[in-house]
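A short worksheet on the structure shown next.
Computed from the coordinates by the stated procedures, all read-outs in this text should not be read as laboratory data. A quick note: this is a predicted structure, and the numbers were derived from the prediction, not measured. Cβ atoms come from the backbone with ideal geometry, glycine included; neighbour counts cover every protein chain shown.
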Amino acid sequence: MSEATRVELTVLGQALTIRTEVSAEYVQSLAAYLEDRVETLKKGGIRDPNSALILAALDITDELFRARDDTSRREGDVSARLGALVSLLEQATTKPSA
């Protein structure tokens, strides 16, 4: 594991210092993504910055949950297919009893 470093950034006008093991560029890209989502909501008519931040957080969390569900579903599909292939291989390699 890499050593934790301090990353200073400003998110929506708020100065923050974060200790993290990931690169400063990565943390800054996360902050920029959040700011972009908030800005999109503001352009859509949300005037209160706190409301925009909460809505952006909910929207990003929804994306995360949907991605997790998709991943789980795909993993389940792969497991089912592998199970079916194993069954077919077992049937194909089983010698009939005499």
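Just need the relative contact order of the chain here, percent rounded to a whole number, with Cα pairs under 8 Å and 6+ apart.
Values: 48 pairs, mean separation 14.4, N = 98.
In percent, rounded to a whole number, it is 15.
Between residue 50 and residue 22, 0.36 nm times their residue separation minus their Cα-Cα distance comes to what? Present the calculation step by step, with values, prior to reporting the outcome.
Working: separation 28, 0.36 × 28 = 10.08 nm, distance 2.73 nm.
Full extension of this stretch gives 7.4 nm more.
Which of 46, 54, 18 moves the most in a Gaussian network model of the chain with Cα springs under 10 Å?
Comparing 46, 54, 18 in the GNM, the peak value goes to 18.
Determine the calculated [θ] at 222 nm for the chain from helices alone, applying -39500 (n - 2.57) to every DSSP H run no shorter than 4 residues and normalising by the residue count; nearest 500 deg cm²/dmol.
Taking each H run of at least 4 residues, the total per residue is -24000 deg cm²/dmol.
Please compute the modelled spin-label separation between residue 14 and residue 63, points set 7 Å along Cα→Cβ, answer in nm with one decimal.
Each label point is offset 7 Å from its Cα along the Cβ direction, giving 1.9 nm.
Name the long-range amide H neighbours of residue 11: under 5 Å, sequence gap of 5 or more, or other chain; modelled H, no Pro or chain starts.
Here the answer is 16, since their amide H atoms fall under 5 Å of that of residue 11.
The list [x] 1.00; [y] 1.19; [z] 1.89 gives values of Cα Rg over 2.2 N^0.38 Å, and only one came from this structure; which label was calculated from it?
Given [x] 1.00; [y] 1.19; [z] 1.89, the calculated one carries the label [z].
How large is ³J(HN,Hα) for each residue in the stretch 37-53, as worked out from phi by the Karplus curve 6.51 cos²θ - 1.76 cosθ + 1.60 (θ = phi - 60°), to whole Hz, x for Gly and Pro?
5, 5, 4, 4, 5, 4, 5, x, x, 7, 8, 6, x, 5, 5, 4, 5
Rounded to the nearest 0.05, what FRET efficiency do residue 75 and residue 42 give with R0 = 30 Å and r taken as the Cβ-Cβ distance? Could you check? Intermediate values should be presented prior to the final figure.
Numbers: r = 38 Å, r/R0 = 1.25.
For R0 = 30 Å, the calculated efficiency reads 0.20.
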